[in-house]
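**Q** This is the structure I have questions about; it appears just below.
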Amino acid sequence: MTDILFQPYTLNPTLTLKNRILMAPLTRCMADADLVPTQAMTEYYGRRAEAGLIISEATIIRADGQGYPNTPGLFTPEQIAGWRRVTDTVHANGGKMFAQLWHTGRVAHPHFYHGEHVLAPSAEAVEGSVPRMRELTYQVPKPVTKQEIEQLVADYAQAAANAIDAGFDGVEIHGANGYLIDQFLHHDSNKRTDQYGGSPENMARFALEVVDAVIDRIGNDRTALRVSPGAYFNMAADDRDRDVFDYLLPALEQRDLAFLHVGIFDDAMEFGYLGGRASSYIRSVYHNTLVGVGSYTAETGSEAITANKFDLLAIGRPFIANPDYVAKVKSKAPLVAYSDEMLTSLV
Ligand code: FNR
Ligand code: 8K6
């Protein structure tokens, strides 16, 4: 019944995956003080090389993109060398790996980078504080200037080039879950009146500039994007967001990306303004390779692929609990259930 997961899948002439199971990007907050991947992280990813593709935990493109402790970076030579050890191990074990490129925007906290400002589209703070560091309340961001936008776009492209230097097979740009790129795409966080706000075309501009700059540096065949048309994390929903994604998704389709990935924790969630699930909405307007995710099992994920709801299945929490997830599913062995306590160590 899960046989479909074990078929190889060709993303494009450059990349063929040995199966349809992706390891979802999973922040673990285990990089060292210089945000360099450690030996324990190398072994953790190395154990999961049976996935058709591993997507790294979200990795910051520059210092002021950091919103959680010990999240790895891809902007210093040491960080690149650290990731090279990870990708060498994954490749030696027969796997493939993309880096997820991240800037948290208004979810950043200056505590982590000893900075002054938090940068975001508009001076609209996200409610609350850094998880497990409750004294760190989120700040009102400084709206980015045109010049700062150009620098951010350049820094995404540089991080993509660094990812290729570090041996990654490609990158997934993190445009989901209420972080910087997503903040441009939703009315809750984007109140701009210049060419980056107001209309769907303007609100989609930053995302497309980042995508185009990354494609320019490393090629469309190695560039993927994660998006959350349904606002559910670090973001309040607004019915007008639908128009932004109605504009963005066909524009992305023209870019011929390696894949598009739904950013969601539970794909059973329905959004009134999307007419149902985020994955169904994306499938209706975007016709290239789509990665589904969000509280699926191998069985329910296989059913969804068979029903043509998406093409590839990303697995998050079960992969934290089961380093040998793929082998277990293949042999129909029982899985260890995920629990939040597992986040304190890398198994
Ligand atoms: C996540 N998720 C996530 N998403 C992302 O795009 N970048 C990230 O770094 C993280 N980090 C992260 C950490 C932890 C501890 C969890 C539980 C989740 C979301 C993740 O990729 C996935 O979408 C969800 O976990 C839903 O899939 P599962 O877990 O139901 O298979
Ligand atoms: C300190 C770790 C930070 C990790 C950042 C990613 C967030 C993962 C935390 C999992 C909590 C699930 C929240 C789900 C929100 C769904 C809302 C309906």
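**Q** So how exposed is Phe265, as accessible area in Å² (1.4 Å probe, rounded to 10)?
**A** Here the residue's solvent-accessible area equals roughly 100 Å².
**Q** So if each residue of separation counts as 0.36 nm, and I subtract the Cα-Cα distance between Leu343 and Ser199, what length gain in nm does that give?
**A** On the way: separation 144, 0.36 × 144 = 51.84 nm, distance 4.02 nm.
Stretched out fully, the Leu343 to Ser199 stretch lengthens by 47.8 nm.
**Q** Here's a follow-up. Once you mark the GluC sites (Glu not before Pro) that are in a DSSP loop and have at most 12 other Cβ atoms within 10 Å, what is the longest gap between them in the chain? Can you show the working numbers first?
**A** On the way: sites that count: Glu116, Glu127, Glu135.
After excluding every exposed loop site, the longest remaining stretch is 136-347.
**Q** A further question follows. Shape verdict for region 70-139, please, from the Cα gyration tensor: rounded (a/c under 1.5), prolate (a/b greater than b/c) or oblate.
**A** Prolate, because a/c is 1.5 or more and a/b exceeds b/c.
**Q** For region 101-196, what does the alpha-carbon gyration tensor say about shape, rounded, prolate or oblate, given a ≥ b ≥ c as the root eigenvalues, a/c under 1.5 as rounded, and a/b over b/c as prolate?
**A** On the way: a/c = 1.83, a/b = 1.29, b/c = 1.41.
Judged from the Cα gyration tensor, region 101-196 comes out oblate (a/c at least 1.5, b/c at or above a/b).
**Q** May I ask you to evaluate 6.51 cos²θ - 1.76 cosθ + 1.60, the Karplus curve with θ = phi - 60°, for each residue of region 273-282 and list the ³J(HN,Hα) values in order in whole Hz, giving x for glycine and proline?
**A** The phi angles translate into 6, 9, x, x, 6, 4, 5, 5, 4, 4 Hz.
**Q** I would also like to ask the following. Testing the spin-label approximation: label points 7 Å from Cα along Cα→Cβ at Lys332 and His91. State their distance in nm.
**A** According to this spin-label approximation, the distance is 3.8 nm.
**Q** A further question on this structure: Hey, can you grab everything whose amide H is under 5 Å from the amide H of Gly276? Only 5+ residues off in sequence or another chain; H modelled, so Pro and N-termini drop out.
**A** Residues meeting the amide H criterion: Phe271.
**Q** Right, next: Amide H to amide H, which residues 5 or more places from Glu57 or on other chains are under 5 Å from it, using H placed in the peptide plane?
**A** Leu26
**Q** Quick one: Karplus J couplings for region 339-347, per residue in order, coefficients 6.51, -1.76, 1.60, θ = phi - 60°, nearest Hz, x for Gly and Pro?
**A** 9, 4, 4, 5, 6, 7, 9, 9, 9
**Q** Using Cα centres only, tell me the gap between region 277-339 and region 177-212 in whole Å.
**A** Distance between centres, Cα-based: 29 Å.
**Q** Around Gln39, under 12 Å between beta carbons, what's the net of Lys plus Arg minus Asp minus Glu among the other residues?
**A** Net local charge, Gln39 excluded: -1.
**Q** If you add up the charges near Asn70, with Lys and Arg at +1 and Asp and Glu at -1, over every other residue whose beta carbon is less than 11 angstrom from its beta carbon, what do you get?
**A** Around Asn70, the charge tally is -2.
**Q** Ok, one more. Could you work out how much longer the chain between Glu270 and Glu148 gets when fully extended? Use 0.36 nm per residue separation minus the Cα distance between them, nm to one decimal.
**A** Answer, rounded to one decimal: 40.4 nm.
**Q** Let me ask another. Using the Karplus equation 6.51 cos²θ - 1.76 cosθ + 1.60 (θ = phi - 60°), what ³J(HN,Hα) coupling, rounded to whole Hz, does each residue of region 310-323 give in order, writing x for Gly and Pro?
**A** Result, rounded to whole Hz: 7, 9, 10, 10, 9, 10, x, 3, x, 6, 5, 7, 9, x.
**Q** Next question. Is region 192-293 rounded, prolate or oblate when judged by the Cα gyration tensor, a ≥ b ≥ c being the square roots of its eigenvalues, rounded requiring a/c under 1.5 and prolate requiring a/b larger than b/c?
**A** Note, shape of region 192-293 comes out oblate.
**Q** Taking the alpha-carbon distance from Lys330 and a cut-off under 17 Å, which lysines remain once sequence neighbours fewer than 8 residues away in the same chain are dropped?
**A** In chain and number order, the partners are Lys18.
**Q** Label 7 Å along Cα→Cβ of Asp34; region 82-108 residues with amide nitrogen under 17 Å?
**A** Once the point is set 7 Å along Cα→Cβ of Asp34, 82-86 turn out to lie under 17 Å by backbone N, inside region 82-108.
**Q** Turning to a different aspect of this structure: If amide hydrogens are placed 1.01 Å from N in the peptide plane, which non-local residues have theirs closer than 5 Å to the one on Ile173?
**A** Sorted by chain and number, the residues that satisfy this are Leu101, Ala224, Leu225, Arg226.
**Q** In deg cm²/dmol and to the nearest 500, what is the mean residue ellipticity at 222 nm of the chain if only DSSP H runs of at least 4 residues count, each as -39500 (n - 2.57), divided by the residue total?
**A** -10000 deg cm²/dmol
**Q** In terms of Cα to Cα distance under 30 Å, which lysines are near enough to Lys142, apart from those fewer than 8 places away along the same chain?
**A** Cα-Cα hits under 30 Å: Lys191.
**Q** If each residue of separation counts as 0.36 nm, what is the full-extension length gain between Arg240 and Arg255 once their alpha-carbon separation is subtracted?
**A** Extending this stretch completely gives an extra 3.0 nm.
The values are calculated or read from the model by the stated rules, or taken from the named source; none is laboratory data. Note that this is a predicted model, so its numbers are computed, not measured. Counting neighbours? That spans all protein chains shown, and the Cβs are built from the backbone with ideal geometry, glycine included. Keep in mind that these areas ignore ligands, DNA and RNA; they rest on the heavy atoms of the full protein, side chains included. Shrake-Rupley method; radii C 1.70, N 1.55, O 1.52, S 1.80 Å.
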